[in-house]
Amino acid sequence: MVVADHSAHFVSVLLSTMPASFPQSTSYTTGATPWTVAMGNLNGDSVRDIVTADEDDFGNGSVSVLLGISAAPVTYGPPTTVATGISFHAPAP
């Protein structure tokens, strides 16, 4: 399970060892405050990657991609962050 932490600029990957138990977690830095997180195989290497929709304290939006390095053990590389030029909390025009 991947959880975004709004108070700190990271996501936590929680690994389950048995049903409803997540004793292990590892945190990974994102570009700014992550608001939304998704997972998928973005680069075709069969390892899940993490994508976050971020927003800084001034309303500047960005997207961060953390490519999965390994599925066993689960590890991710540093974020690649791209500015979107929009706020994720602004109303649509």
Looking only at segment 41-60, and only at residues there that are of a type in the set (Gly, Ala, Ser) and at pLDDT 90 or above, the one that is nearest to Ser12 (Cα to Cα): Ala53
Test for Ile50: is it in a strand (DSSP E or B) and open to solvent by 90 Å² or more (accessible area, probe 1.4 Å): no
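Which one of Pro78, Pro93 is at pLDDT below 85 and loosely packed, with under 13 Cβ neighbours inside 10 Å? Lay out the reasoning, then the answer.
On the way: Pro78 fails: at pLDDT below 85.
Just one listed residue meets the conditions, Pro93.
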Val65, sole failed condition from (1) outside any loop (DSSP other than H, G, I, E, B); (2) at pLDDT below 95: (2)
Only one of Ala38, Ala83 that is modelled with pLDDT of 90 or more and farther than 18 Å from Val2 by Cβ: Ala83
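The values are calculated or read from the model by the stated rules, or taken from the named source; none is laboratory data. Note that this is a predicted model, so its numbers are computed, not measured. Heads up, the Cβs are rebuilt from the backbone with ideal geometry, glycines too, and the neighbour counts pull from every protein chain shown. To get the accessible areas, we keep the full protein, side chains included, count just its heavy atoms, and leave off ligands, DNA and RNA. Shrake-Rupley method; radii C 1.70, N 1.55, O 1.52, S 1.80 Å.
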